[in-house]
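Report on the following structure.
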Amino acid sequence: STFSLPSEELLLVESIRLETFDGYVYLEPFELALEDPNASLLVKFEEISIAPAIAMVDFFQGRLTGRLNGSLPISLENGLPVLGEGFLELDPAYKATFSYDAEGFFTDEEEGEKSKKSIGDKTLERLGLEPNALLEDALGNLDITHLRVDLFNKDMPLTPMKIQLAGIADTGKAKIPLNITTNVNGTVAELLNFLTRLDSLGMVAAEKP
């Protein structure tokens, strides 16, 4: 960090930079009057690697690679932070992939749910083109073409994160386009509380020696 105090009432912050997840998080330069602690800050994310971040979440049994850029505005009002609308999106300079072992998620049926299959269904199964099986294969090997996380949309106060992911999976039998949109619902306080309590909840994988 680099800052100066040109007077007893003014703080000039030239840079605050943190290296994390093989990338950088930094603040754009700003000034803060000590008698009137209101300011507009802009947090920038640059080349944040997804893989080490997602590896910390022990309950996600998959792999996600790629890097993200983005920004998050934060206002200081009466000395308290107020989050603005931010985003993270895929850095096109880096290859991004998604893989998850979804075998049985869509094809396993309970005994009471089995129904008589049509000739068309049987033909698709024989050709290896049954839609649910293809979906499981797609989730196991997806080249990501689009990934964006919208943060703290003011029109959706109970959805602090909206995730959009799209890509193409080559199963060896077909090339399957996949487009997923999902919301993380709850208040901002609940989301931040969950993230800060991951370790105490036993959801963060232990650091390897």
Added length on full extension, which subtracts the Cα-Cα distance from 0.36 nm per residue, Glu190 to Leu5: 62.9 nm
Local net charge near Leu90, Cβ-Cβ under 14 Å (Lys/Arg +1, Asp/Glu -1): -3
Asp143, Asp91, Asp150, reordered so the largest accessible area comes first (probe 1.4 Å): Asp143, Asp150, Asp91
Amide H partners (placed H, <5 Å) of Thr171, local residues excluded: Ile176
Normalised contact order of segment 16-79, rounded percent, pairs of Cα under 8 Å and 6 or more residues apart: 35
Label-to-label distance, nm, for residues given as Lys44 and Ile180 (7 Å Cα→Cβ offset): 3.1
Radius 13 Å from Cβ of Glu35, net charge of other residues (Lys, Arg +1; Asp, Glu -1): -4
Under the Karplus curve 6.51 cos²θ - 1.76 cosθ + 1.60, θ = phi - 60°, whole-Hz ³J(HN,Hα) for segment 14-31, x wherever Gly or Pro sits: 7, 6, 9, 9, 10, 8, 8, 6, 6, x, 9, 10, 8, 9, 5, x, 8, 10
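The values are calculated or read from the model by the stated rules, or taken from the named source; none is laboratory data. This is a predicted model, so every value here is computed, not measured. Using ideal geometry, Cβ is built from the backbone for each residue, glycine included, and neighbour counts are taken over all protein chains shown. Keep in mind that these areas ignore ligands, DNA and RNA; they rest on the heavy atoms of the full protein, side chains included. Shrake-Rupley method; radii C 1.70, N 1.55, O 1.52, S 1.80 Å.
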